[in-house]
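Since the structure comes first, as structure tokens, the remarks are kept for the end.
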Amino acid sequence: MNFVICHYSEIALKGGNRSFFERKLVENIKKSINSEFVLDIKKISGRILIVLNDGVIKSEIEESLKRVFGISNFLFCIKTKPTIEDISRELTLILEKEKFKTFRITAKRSEKNTPNTSQQINEQVGANIFNHFKDISVNLENPDINCFVEIVSGSAYISIKKIQGLNGLPVGTGGKVVLMLSGGIDSPVAGFMAMSRGLNVILVHFHTYPETSQNSIEKVKEISKILSKYQPRTKLYLVPFAKIQKQIFLSINPKLRVIFYRRLMFKIAQEIAKKEKALGIVTGESIGQVASQTLENINAIQNGIAMPIIRPLICYHKDDIIEKARQIKTFDISILPHDDCCSRFLPKHPEIRAKIEDVLAEEKKLNIDLMIKEALNEIEKPFSFI
């Protein structure tokens with residue numbers, strides 16, 4: 001099977017902008033697949049057609065396409081002439097290698113001027129298959145094998161397996177954002193969901209090395225490798241945060257320390273976003289999950305940030321977040337123990353209903369601009385994951 005037909009759903013609703021999304025999807029598919037395996041990738045009649053080399057490793061192609069946002073589903077296909085005889089013959093050869101008791105034919109046409117309608121293909125090819133094999137029957141609701149026939153650009157593409165894709169929008173169609181990546185369960189899931197809406201995600205991790213071990217850094221690097229599979233290129237900034245924590249610890253009301261840790265992180269993330277020409281900040285916050293994530297504290301933390309803050313998980317149940325983390329293979333890494341920079345110097349009774357006026361009054365004790373400038377100067381060259 002030297003052809004792959006990729007379908008998309010949401011992109012088809014984009015009207016006049018549709019070609020932009022289609023071009024980006026083709027571009028992302030090209031970047032995801034080993035070029036040695038591919039002869040051509042192009043858009044045809046509301047689909048993406050991939051032409052493969054002989055001897056291609058099908059499993060590698062499948063795994064790559066499963067990680068491309070914008071693909072609804074895809075099929076490995078054989079190409080033949082769009083006649084009933086040719087379709088029946090090729091499909092019979094495929095089915096002779098399979099074990100099944102029930103089947104159905106599912107035909108689609110991209111052009112309506114073909115000799116046979118989709119229903120005629122279903123009926124006539126189905127009759128030929130039924131007559132060729134013994135002890136089989138048609139089952140339209142739940143067949144053992146669903147035989148897909150797509151008539152596209154004067155050819156028939158035949159397959160017996162449709163593989164589910166990620167859906168969503170191609171990464172890069174929605175612009176850039178910065179993700180505050182903690183190393184816990186939530187933020188990698190938030191990054192994944194941001195990518196699903198076409199956003200190119202730049203990762204930013206705050207650490208307290210050498211005051212603590214490198215565990216959080218190593219965890220985040222491993223998580224970054226996983227997330228990089230879902231977008232063409234991933235960049236990771238590691239921001240030293242120990243000095244800022246000490247300054248906050250020595251100067252700020254203990255009840256407000258967590259608020260200020262987060263405020264400084266947002267302000268630094270905003271500066272990195274400006275440098276990268278990103279237009280927003282993504283976090284893994286979920287209402288009520290920890291003390292800093294009450295509405296009052298969220299409002300106090302984000303006060304003064306001049307770009308959109310995107311919180312994909314804001315109303316998600318923790319069990320749903322964990323399930324998604326398992327699906328994208330970040331959960332087992334996220335639960336490994338590490339020193340969270342926000343957990344250091346935590347007060348016994350953190351404020352859960354912070355008032356902005358109290359926060360701004362406390363902030364006068366700090367030279368915020370200098371703290372941000374020093375932190376940015378200490379950032380080393382970002383890591384790149386391809």
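For region 14-29, just list the computed ³J(HN,Hα) in residue order, Karplus coefficients 6.51, -1.76 and 1.60, θ = phi - 60°, integers in Hz, with x standing in for Gly and Pro. Result, rounded to whole Hz: 7, x, x, 8, 4, 4, 4, 5, 5, 5, 5, 5, 4, 4, 5, 5.
For Gln327, put the label point 7 Å out on the Cα→Cβ axis and report which residues of region 163-207 keep their amide N under 14 Å from it. Hits in region 163-207 for Gln327 at 14 Å: 164-169, 189-197.
Over the chain, what is the percentage of antiparallel beta bridges among all DSSP beta bridges, to the nearest 5?
So the antiparallel bridges amount to about 55 percent of the total.
Under 23 Å of direct C-alpha separation, and excluding same-chain neighbours fewer than eight residues apart, Lys373 reaches these lysines: Lys176, Lys235, Lys243, Lys246, Lys267, Lys274, Lys275, Lys277, Lys364, Lys365, Lys381. Against the chain, whose longest principal axis is taken from its Cα atoms, helix 368-377 shows a tilt of about 50°. Give the shape of region 1-98 as rounded, prolate or oblate, defined through the alpha-carbon gyration tensor: a ≥ b ≥ c are the square roots of its eigenvalues, a/c under 1.5 means rounded, and otherwise the shape is prolate if a/b is larger than b/c and oblate if not. Oblate, because a/c is 1.5 or more while a/b does not exceed b/c. Rounded to the nearest 500, the helix-only mean residue ellipticity at 222 nm of the chain stands at -11000 deg cm²/dmol, with each DSSP H run of n ≥ 4 adding -39,500 (n - 2.57).
Quantify, in whole percent, the carbon and sulfur part of the accessible surface of the chain (1.4 Å probe; protein heavy atoms only). Carbon and sulfur: 50 percent of the exposed surface of the chain. Tell me, how many Å apart are the Cα centres for region 36-97 and for region 267-314? One Cα centre to the other: 43 Å. Under 17 Å from the Cα of Lys255, which aspartates and glutamates turn up, not counting those fewer than eight places away in the same chain? The reachable aspartates and glutamates, counting only those whose Cα sits under 17 Å from Lys255, are Glu296, Glu351, Glu357, Asp358, Glu362, Glu363.
With R₀ fixed at 45 Å, the C-beta to C-beta distance from Lys14 to Glu98 puts the FRET efficiency at about 0.75. For Lys176, the residues whose amide H sits under 5 Å from its own are Asn200, Leu279, ignoring neighbours fewer than 5 places away on the same chain, with H placed 1.01 Å from N. Based on alpha carbons, the Rg and Dmax found for region 42-186 are 18.6, 61 Å.
Each principal axis of the chain carries a Cα extent, and these read 84, 36, 36 Å when sorted largest first. Once the C-beta distance of Glu271 and His132 is scaled by a Förster radius of 56 Å, the resulting FRET efficiency is 0.25 to the nearest 0.05. Angle of helix 84-95 to the longest C-alpha principal axis of the chain, folded into 0 to 90 degrees and rounded to 10: 60°. So how tilted is helix 242-251 from the main axis of the chain? Cα-based, degrees 0 to 90, rounded to 10. Once rounded, the angle reads 40 degrees.
In plain terms, the C-alpha convex hull of region 201-258 casts an average shadow of 4.7 nm² when viewed from every direction. Cross-link partners for Lys97 among the lysines, with Cα-Cα distance under 27 Å and sequence neighbours closer than 8 places in the same chain left out: Lys58, Lys66, Lys79, Lys81, Lys108, Lys134, Lys161, Lys162.
The values are calculated or read from the model by the stated rules, or taken from the named source; none is laboratory data. None of these values were measured; they are calculated from a predicted model. Note that we place each Cβ from the backbone using ideal geometry, even for glycine, and neighbour counts take in every protein chain shown. In case anyone asks, the SASA skips ligands and DNA or RNA and just uses the protein heavy atoms, side chains included. Shrake-Rupley method; radii C 1.70, N 1.55, O 1.52, S 1.80 Å.
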